Amino acid sequence: MASLQDLENGNLKGSSKETRHGRTAHNMSSSSLRKKSDLTLVSKVRCGMLRHLLTNLQEVILGTKLTVLFPAIPLAIAAECYGFGRPWVFGLSLLGLTPLAERVSFLTEQIAYYTGPTVGGLLNATCGNATELIIAIFALWQHKIEVVKYSLLGSILSNLLLVLGTSLFCGGIANLGKEQKYDRRQADVNALLLLLALLCHMLPLLFRISAASVSLTEVPTLQLSRVSSIIMLLAYITYIIFQLVTHRQLFEAQEESEENGDDLSEETPVIGFWSGIVWLVGMTAVIALLSEFVVGTIEDASESWGLSVSFISIILLPIVGNAAEHAGAVIFAFKNKLDISLGVALGSATQISMFVVPLCVIVAWILGIEMDLNFNLLETGALALSIITTAFTLQDGTSHYLKGLALLLCYVVIGGMLFSYPRHHRAMEMPSIWESSPLLESLELNRACPFEG
């Protein structure tokens, strides 16, 4: 197997130790859902090409504990082609996205063995939230701005409150007799960038509210959002350099002090470089297809299930789409490896808020679509309180189950608020505080009826 890969790819980049230290929290989290493949039968196949193909199929398709969800992909395609119920297409597409997201993480890790830890980390940073980005692009293409904003907001909230809260709660329960600690420096960096993203979200909202007329601020708000998005992307590029080059040691995933056979097997690539590239392109194409199904059927699912589009976009899409990564974060919290859990939750939230959201604004700008960073008062308020609550929770470098429970309860309250939304809820135009101001009415009355001598 190794000789076959060497013929396909040449030498591996870096030693196994260097490659191991180049793994990110996302890679470590997804690896918890993988299973070791038994290649005994495949190795007996005499034809080299067929043996290589079967090996790839077994490693990529059967090398995960989520293999049982792969049949949802052809079922979703069949449901779309043969005109089954649109809610069925939506549900099956969501289930099919779950193993695909985990496999993309697996493939980027495999490619990283040949490109080195820096390029591999950059690839993982780009593809880490590929599902959310692709769904957002298709929603933009169909001019569903609300779906874009709601889905990305839901991804941030689920990472900060649901994933992090569940990890801290389960880790605290499983390690009651131990003091759980983590590296505050990584958490501080992510919290700082999240606060920067929050500032860029709040300024367009405050700008529109404080103006004398909403119509006068529509174009300036859009321009402010586009400039802020460019600044956010520049800040994210700096963050990538900080993470992969200058301060890589802050973001290295925890490793076991004892090295056994299982650890060594994880340090060896199981598929070749070009095989990984082909599989990654193919998986991305399937994700794009299912994302198009999800975006096209979300309103039908809302009507059929009696749920608002905002609830489905903010709650259901992030939970199902990133279930594999979330489950991995909780598993490592059980093992008292909070640095990995925090790297998954905070890293994903930072990537979405500082990269995916501003990128969508820029893409919408290129497509001639007016998308700004104003997520409306209710949604922006929930985002602000979630970021501030998370920052306060992680300020001392220690954890217990009560912190996780508090974050989970915050998520439940936000979910309850979204569940109570009307099914046909649409974001209303934010009125200016001056349009219904009693002071303004009094001034207009005095202007019409001046004081009598």
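Translational diffusion coefficient, Stokes-Einstein: compute it for region 276-378 using the Kirkwood radius over C-alpha pairs as Rh, at 25 °C and 0.890 mPa s, and state it as an integer in µm² s⁻¹.
In µm²/s, the coefficient is 149.
From the cross-link list LYS65/LYS403; LYS149/LYS181; LYS178/LYS403, which pairs have alpha carbons spaced over 27 Å apart?
LYS65/LYS403; LYS149/LYS181
Going from the alpha-carbon gyration tensor of region 298-341, what semi-axes, largest first and in whole Å, does one get by taking the root of 5 times each eigenvalue?
One finds semi-axes of 32, 8, 7 Å for region 298-341.
Heavy-atom accessible area per residue, region 284-377, 1.4 Å probe: how many Å²?
So region 284-377 comes to 27 Å² accessible per residue, rounded to a whole number.
The values are calculated or read from the model by the stated rules, or taken from the named source; none is laboratory data. Treat the numbers as computed from the prediction; the structure is a model and nothing was measured. Areas reflect the complete protein model, heavy atoms only, side chains present, ligands, DNA and RNA absent. Shrake-Rupley method; radii C 1.70, N 1.55, O 1.52, S 1.80 Å.
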